[in-house]
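Novice: First the structure, then my questions, so here it is.
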Amino acid sequence: MWKLLLVKLWMSLATISMGYVTFTNLNCSSYNLDYLSFPTCQIKAVNRTHKYINIHAKIYKFPIAESWIKVKFRRFDNGYKVFFPDLSYDGCKFMKKQDNIIAQMFYRTFQRSSNMNHTCPYNHDIIVDKLFTGNLEKEFVRFIPIPNGAYALYTEWSINSVLRASVKFYVKISEY
């Protein structure tokens, strides 16, 4: 009987923990400007409550045959502290076989807003166009109970076994 109650509670968390996500800051850094740069890295406000992100990574040396992504989840508590275990995965292998559930949730947040939709090699610039906060609400906040507060998502991108870029997303989660 208690197992049934536990399952019902877990299923109801999706409706209880609904939150509102707002982008507060975005930082794109290239470690080698001869390899890639960020002509566009911005948050645009549609109105007071809705914002979206535009990122354009201009790549100068092709092809990208190997990529490695490291994601760090942080929560603000007198400085950004570890909130969730770091996630690290091979980007090319993931695009072939999407078997990591957390990486899959992360990818689905920007899949429709990006041209990163095929396996390696990449012979073009990487563009994320109009990544809306509603994508984050739909994939993360709705299904994973996350407390209100300020959060950061630090990503590091290695291309062909060399650390090339860092993109840091800062968000605020609050109740509706």
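Novice: Evaluate the distance, in nm, between pseudo-label points positioned 7 Å from the Cα of Lys93 and of Ile127 along their respective Cα→Cβ axes.
Specialist: In this crude spin-label approximation the distance works out to 3.1 nm.
Novice: Something else now. When the dipole is taken about the Cα centre of segment 31-141, and only Lys, Arg (+1) and Asp, Glu (-1) are charged at their Cβ, what size is it in debye, to the nearest 20? Provide the component values of the computation, followed by the final result.
Specialist: On the way: 17 positive and 10 negative charges, 61 e Å.
Here the size comes out at about 300 debye.
Novice: Please compute the modelled spin-label separation between Asn27 and Thr49, points set 7 Å along Cα→Cβ, answer in nm with one decimal.
Specialist: Placing both labels 7 Å along Cα→Cβ, they lie 3.0 nm apart.
Novice: In the calculated pair distance distribution of segment 51-127, what percentage of Cα-Cα distances lie above 14 Å?
Specialist: On the way: 2016 of 2926 pairs.
Counting every Cα pair in segment 51-127, those more than 14 Å apart make up 69 percent.
Read-outs: derived from the displayed coordinates by stated rules, not from any lab. Keep in mind that this is a model prediction, so the values were computed, not measured. Using ideal geometry, Cβ is built from the backbone for each residue, glycine included, and neighbour counts are taken over all protein chains shown.
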